[in-house]
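Only one structure is covered here, and it is reproduced in the block below.
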Amino acid sequence: MSQEINIPELVDERYQKLQSDVLYHAMIVQSEVLRVSGEFLHQRGFIQIMPVIISPVTDPLRHFTGRAQVEYYGQVYQLTKSMIFHKRIALLAHERIFAFSPNIRLESADRAGTGRHLFEFSQLDLEVKGASRDEIMDLGEDLFIYTLGQVKERCAGQLGFFNRDLRVPARPFARVAYKDVFGQYGEDFENIVSQQHAEPVWVVDMCVEAREFYDREYPDRPGFLVDMDLLYPEGFGEALSGGEREYTLENILRRIKMTKVDLDNFKLYLEVSARGLPPSAGFGVGLERLTRFICGLPRVEDAVLFPKVPGKLSL
Ligand code: ASP
Ligand code: MG
């Protein structure tokens, strides 16, 4: 149902926000985040690839999001929810790849108030051929330490403006098992664990029901995945998701059938997998959430020029 929209009011609000000191400084921080994270990955032998915007195949996600699609010459393309399949397939060309990838996830309007959701956002999305989960976690720790350290140095004026005492974490980051924190705190574990910590914390070994079919199941521990999330401290919530991936056609098919998503939606990915895809691991970092965390802002939309808050019209 479409709401009554007061266009002049909506534009007034954005017109003012765009000239505010908060956005001015947050955009400088974000620009440095893009520069230094890219710099770090180049130093580690990655190459940057361009994002995919539309494709017949995209991330099924575990939670409901509306279908955003385009029809063209009788074919249906979806707007990218995440580049998971394309980054796996891109490993046929290069062994270590990353992209700054726009994602469209038509979240339900009840997520408008979380301060963490937007229906358009960007991920720093990377994948490494033949990597194990532990290797990719080490890379993630180094990436965060480098990025936060560099931004702290280069954006001292901005952090001063935000009155933000940004801690650069030390390795190794703490780890908790999904099973334990879910068992202890239930659905709200992410907020609670994030609030309890003063440095980032890994949540590892999600259960199959909690994640998409592409994360790899432990061969000797059915029902659990070789994957992880990283949570920011101080209640800022999720920083990244990732893991090792299923790569044999047999396992991919088995996992698709378990999660009951429609096989037809993944025909192209299955065709590629049948020809052989290498094992890999990777993760995706939400860039607006990272900027929000560094600046210590109350809500993710405070750190975005044109924020797409679920259910709301915006520029
Ligand atoms: N597919 C994950 C996401 O977009 C990221 C990843 O697993 O690399 O949430
Ligand atoms: Mg996630």
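The values are calculated or read from the model by the stated rules, or taken from the named source; none is laboratory data. Please read these numbers as outputs of a predicted model, since none were measured by experiment. Here the Cβ is made from the backbone with ideal geometry for all residues, glycine too, and neighbour counts use every protein chain on show.
Only one of the numbered conditions (1) charged (D, E, K, R); (2) farther than 15 Å from Arg216 by Cβ; (3) more than 16 Å from ligand 1 (Cβ to nearest atom) is not met by Arg254, and that is (2).
Report whether or not Leu225 is within 16 Å of ligand 1 (Cβ to nearest atom), touching a helix residue (DSSP H, G or I) at 6+ places or on another chain (Cβ under 8 Å) and without any contact (Cβ under 8 Å) to a residue 24 or more places away in the chain. So Leu225 fits the description; yes. Among the residues of the stretch 291-307, those that are out of contact with any helix residue (DSSP H, G or I) (no Cβ under 8 Å at 6 or more places or on another chain) and surrounded by fewer than 21 Cβ atoms within 10 Å (Cβ to Cβ) comprise Gly296, Pro298. Please pick out the residue among Ser31, Ser2 that is of a type in the set (Gly, Ala, Ser), at pLDDT below 95 and over 30 Å from Val272 (Cα atoms). Being of a type in the set (Gly, Ala, Ser), at pLDDT below 95 and over 30 Å from Val272 (Cα atoms) holds for just one of Ser31, Ser2, which is Ser2. Scanning the stretch 77-111 for residues that are of a type in the set (D, E, K, R), crowded, with 19+ Cβ neighbours inside 10 Å and either closer than 17 Å to Tyr269 by Cβ or modelled with pLDDT under 95 (or both) turns up Lys87, Arg88.
For the stretch 238-250, a residue qualifies if it is touching a Phe, Trp or Tyr at 6+ places or on another chain (Cβ under 9 Å) and either under 11 Å from Gly284 (Cα atoms) or surrounded by fewer than 22 Cβ atoms within 10 Å (Cβ to Cβ) (or both), and the qualifying residues are Glu238, Ala239, Leu240, Ser241, Gly242, Gly243.
Yes/no per residue for (1) farther than 26 Å from Gly140 by Cβ; (2) at pLDDT below 95:
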{"site": "Gly282", "(1), (2)": "no, no"}
{"site": "Arg289", "(1), (2)": "no, no"}
{"site": "Cys295", "(1), (2)": "no, no"}
{"site": "Val300", "(1), (2)": "no, no"}
{"site": "Ala303", "(1), (2)": "no, no"}
{"site": "Phe306", "(1), (2)": "yes, no"}
{"site": "Pro310", "(1), (2)": "yes, no"}
{"site": "Ser314", "(1), (2)": "yes, yes"}
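Applying the selection to the stretch 239-248, what residues are of a type outside the set (S, T, N, Q) and near ligand 1 (Cβ under 9 Å from one of its atoms)?
Leu240, Gly242, Gly243, Arg245
Looking only at residues in the stretch 121-140 that are crowded, with 18+ Cβ neighbours inside 10 Å and acidic (Asp, Glu), the one that is nearest to the chain's Cα centre (by Cα) is Asp125.
Could you check the stretch 61-76 and list, in sequence order, the residues that are under 21 Å from Ser108 (Cα atoms) and either of a type in the set (A, V, I, L, M, F, W, C) or modelled with pLDDT of 95 or more (or both)?
Let us first name the residues in the stretch 61-76 that are under 21 Å from Ser108 (Cα atoms), namely 61-70.
Hits for the stretch 61-76 are Leu61, Phe64, Ala68, Gln69, Val70.
Comparison of Gly113, Gly45 shows that the only residue that is at positive phi and either assigned to a loop (DSSP other than H, G, I, E, B) or in contact (Cβ under 8 Å) with a residue 40 or more places away in the chain (or both) is Gly45. Within the bounds of the stretch 284-298, is there any residue that is away from ligand 1 (no atom under 14 Å from the Cβ), under 30 Å from Asp220 (Cβ atoms), in contact with a Phe, Trp or Tyr (Cβ under 8 Å, 6 or more places away or on another chain) and not in a loop (DSSP other than H, G, I, E, B)? Looking through the stretch 284-298, none of the residues is away from ligand 1 (no atom under 14 Å from the Cβ), under 30 Å from Asp220 (Cβ atoms), in contact with a Phe, Trp or Tyr (Cβ under 8 Å, 6 or more places away or on another chain) and not in a loop (DSSP other than H, G, I, E, B).
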